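Notes for the one structure printed next.
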């Protein structure tokens, strides 16, 4: 069975906000950011336990070119994204999301 992924509603909103921000900074940069997120997701789908544990069962996968991390947990065949976290935000602001 292959792993799937899902986004918490707040994580999806963070993703959209980041794409809009980067696109407003430079035309096409939002698409590059999204491509980077997709690359990170693909790596996690292939190696879901490759990112370090932050707390409990929650892991963090930093993006290569942007100061963002994918905060996620694994649950029953699903890679669940809790946050698309700007690394300059306060740590653990996302704690308590499901």
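Structural remarks
- From the alpha carbon centroid of segment 54-85 to that of segment 1-23 is 11 Å.
- Mean Cα-pair separation over length for segment 1-58, i.e. relative contact order, pairs under 8 Å, 6 or more apart, %: 24
- Remark: segment 4-86 is approximated by an ellipsoid whose semi-axes, taken from the C-alpha gyration tensor as √(5λ), come to 22, 12, 11 Å, largest first.
- Contact order, relative form, for the chain: 32 percent (alpha carbon pairs under 8 Å, 6 or more residues apart, mean separation divided by residue count).
- With Cα atoms, 0 to 90° folded angle of helix 29-46 axis to the chain main axis: 10
- Cα long-axis angle, helix 9-25 against the chain (0 to 90 degrees, to the nearest 10): 30
Every number here is computed from the coordinates shown, using simple stated rules; none is lab data. No experiment lies behind these values; they were computed from the predicted model shown.
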